[in-house]
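Quick notes on the structure that follows.
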Amino acid sequence: MDEINKVRSISIWIFIVPFVAVNTCLILVTQFHGLFPNQENIIHNTLPYIDGGASISRTARPYPSWLVFKPAMFLTAFLLIKYWLYNKSIIEILDKDHKHKNKLVYFGIASAIALVIHSIFLGIKFDNDFYKLFRRIIMLMFIIFEIVAQAYLVSTLYSLRNKLSNYINNLYLNLKIFLVSFLIIVALVSIPIISLPGDNFLGFNLKFFKHALEWDYFLGVISFYLLTFLMWKKN
């Protein structure tokens, strides 16, 4: 199936493009301070995956970081749309009436649209509580739609695993199932915590926890596509 080769090639770029873009923004804002006209935007000595020293948006929104981040996210959104459509084609070849084939496309494309909207408004400053809430909702929608789409996809592939036995490596399919399950559990456990008002809870600094969670969760979400690349057998 030609669609399998297309999904395989697209999936690795969905992992590489955002991973490189986000970490490039991090390197720029922490190491190349002279590039930033406003020195308030620079950050010193942080590895946010561990210490939560900055959020992703904090590193991506100042100029010139957004020159890297926004085009990368637009490209990622385009690749996501192609990815979900090609997956639907694969499922239709195996089972044209599968109950989840449209659901994973709807949620997958919705996540791509949410990513585009978030990227467009990143860096635009309005001192308005409604605008800040809007941005948070869009980001939350991206995460929810993306995880739901991933869950539908792994569920569908698992149900078709016998028909796909010559095309996939079951080890990586099981890893994808584990990853999506873990992301859902983390989301359910973390939502009550990150929803708490303020940045301190029982002496624990929630601000740094939220930032570290954001970076690690981002890595988990895009790792789904790395596993996709490894799951489908070459040719």
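The one condition from (1) farther than 21 Å from residue 217 by Cα; (2) surrounded by 13 or more Cβ atoms within 10 Å (Cβ to Cβ) that residue 58 does not meet is (1).
Is there a residue in region 42-62 that is without any contact (Cβ under 8 Å) to a residue 12 or more places away in the chain, touching a helix residue (DSSP H, G or I) at 6+ places or on another chain (Cβ under 8 Å) and assigned to a helix (DSSP H, G or I)?
No, that holds for no residue.
Inclusion of residue 70 among residues that are touching a residue at least 24 places away in the same chain (Cβ under 8 Å) and surrounded by 18 or more Cβ atoms within 10 Å (Cβ to Cβ) is warranted.
Looking at this structure, is residue 153 closer than 30 Å to residue 57 by Cβ, touching a helix residue (DSSP H, G or I) at 6+ places or on another chain (Cβ under 6 Å) and in contact (Cβ under 8 Å) with a residue 60 or more places away in the chain? Break it down into steps so the answer makes sense when it comes.
Details: closer than 30 Å to residue 57 by Cβ: yes; touching a helix residue (DSSP H, G or I) at 6+ places or on another chain (Cβ under 6 Å): yes; in contact (Cβ under 8 Å) with a residue 60 or more places away in the chain: yes.
Against the criterion (closer than 30 Å to residue 57 by Cβ, touching a helix residue (DSSP H, G or I) at 6+ places or on another chain (Cβ under 6 Å) and in contact (Cβ under 8 Å) with a residue 60 or more places away in the chain), residue 153 qualifies.
Selection of region 22-38 for residues being under 17 Å from residue 53 (Cα atoms), in contact with a helix residue (DSSP H, G or I) (Cβ under 8 Å, 6 or more places away or on another chain) and surrounded by fewer than 16 Cβ atoms within 10 Å (Cβ to Cβ) yields only 33.
Just so you know, all these numbers are worked out from the coordinates, no wet-lab data involved. Keep in mind that what you see is a predicted model, and the values were worked out from it rather than measured. Ideal geometry is used to build each Cβ from the backbone, glycine not excepted, and the neighbour counts take in all protein chains shown.
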